[in-house]
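Heads up, the thing below is written out as structure tokens.
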Amino acid sequence: MLVRTHPTRLGLGAWPESPGRVRRSRAGALERLLWHAVGVGVDWVDTAHAYEGGVDEHALGRCLATMPEEARPAVMSKGGIVADGSEGYRRGTAVLRPSVLSAQLDESLRRLGLDALDTYLLHYPDETGVPIEESWREVAALAEQGKMARCGLCAFDLEHVRRCEALRHVDVCLTRLTPLDLGRSRPLLEWCATHGTTVVVWVCGDVGRLLDPSYAGPLASTPYDHTRRRLERLASASLAAEMVVTTAMSEAGRASGLHLEAVAAAWILAQPGVAGLTVGASTGAQLDRWGSGLGAELSFEDVERITKAGEMAVATRRRVSHPVADPSLR
């Protein structure tokens, strides 16, 4: 197996953006998207044991089997989510017991047709009371067995990362990062830069979900599928904050002739310690638009303007969400 030294600047995220999609169609679409990604120079892909009940890993495995080894993209996968068996899409429960991690990793390798992963991540902080140290010791043992070249954490806070580092180096942290949460994320970025931990940022390929990947837009049929919830969304301080940042990014894009996605990619990659993006794309066009930001360089002024727009939007949202009581209204 060809093992890379670390994730490069652009990767394909195999996260299923449309829960409920027919799984057979999802698998076919993912295979076509992977071939497109390889064709435009993407050389790593991010998947997980939990994605679509294993459909994503099976689809990736079929693609990898048809490629020459030197052309295969590196694979980052994640474990620790246990499905609840219900119909429809649910994230499942994060269970980081050593036995669960070991079994899921072996199953992921079988699905992918690999002897080892380039990168393996704990998918989400445990929700059943398992100490992170117990989980991380198991990950370290699996790494010693040669089942992964690097290991890391996805969506964990700085406290967890520090506790893991005390036992075994955290090679990679996968996180969300937008101008609206930079203040909260900055301590983690700074720590990773100091300790030699690679930071990879996950982004949603759909520009309509640029800042809030959990929501598909005010007119989407799900999850806000009736008028009252749509109106609540349109009137929310959250949407107003997103519009402030999107406007700042759009202005920077017009000045430099870049797509909004390219501006977002360039802003993310300009943050200290960030090594790359994994784009949760559902089409080749989405991946291409994000990828066009890799060679783009925003001016220092544009980066600062977008950052300050995020800080201002967060401060305004906080004031709107927690208004100071007016004594005259009592």
Notebook entry, point to check: Which residues, taken from segment 96-152, are among the β-branched types (V, I, T) and surrounded by 22 or more Cβ atoms within 10 Å (Cβ to Cβ)?
Noted result: T119, V139
Notebook entry, point to check: In segment 244-275, how many residues are touching a Gly at 6+ places or on another chain (Cβ under 9 Å) and more than 14 Å from T178 (Cα to Cα)?
Noted result: 2
Item checked: Residues that are at pLDDT 95 or above, among the polar types (S, T, N, Q) and within 28 Å of R32 (Cα to Cα), drawn from segment 64-111 -> S77, Q104, S108
Next item on the list: Identify all residues within segment 199-216 that are assigned to a helix (DSSP H, G or I) and small (G, A, S); write none if there are none.
Entry: G208
Check: Here are L294, L239: which of them is surrounded by 15 or more Cβ atoms within 10 Å (Cβ to Cβ) and either assigned to a loop (DSSP other than H, G, I, E, B) or modelled with pLDDT of 95 or more (or both)?
Finding: L294
Next item on the list: Identify all residues within segment 159-184 that are of a type in the set (A, V, I, L, M) and surrounded by fewer than 16 Cβ atoms within 10 Å (Cβ to Cβ); write none if there are none.
Entry: A166, L167
Notebook entry, point to check: Is it true that V263 is modelled with pLDDT of 90 or more, under 16 Å from G13 (Cβ atoms) and either crowded, with 17+ Cβ neighbours inside 10 Å or among the small types (G, A, S) (or both)?
Noted result: no
Next item on the list: Considering each residue of segment 162-198, count those that are in a helix (DSSP H, G or I) and in contact with a helix residue (DSSP H, G or I) (Cβ under 7 Å, 6 or more places away or on another chain), and give that number.
Entry: 9
Next item on the list: Identify all residues within segment 37-61 that are of a type in the set (D, E, K, R) and either modelled with pLDDT of 90 or more or under 18 Å from V172 (Cβ atoms) (or both); write none if there are none.
Entry: D43, D46, E57
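The values are calculated or read from the model by the stated rules, or taken from the named source; none is laboratory data. This is a predicted model, so every value here is computed, not measured. Methodologically, a virtual Cβ is constructed for each residue, glycine included, from the backbone with ideal geometry; neighbour enumeration extends over all protein chains shown.
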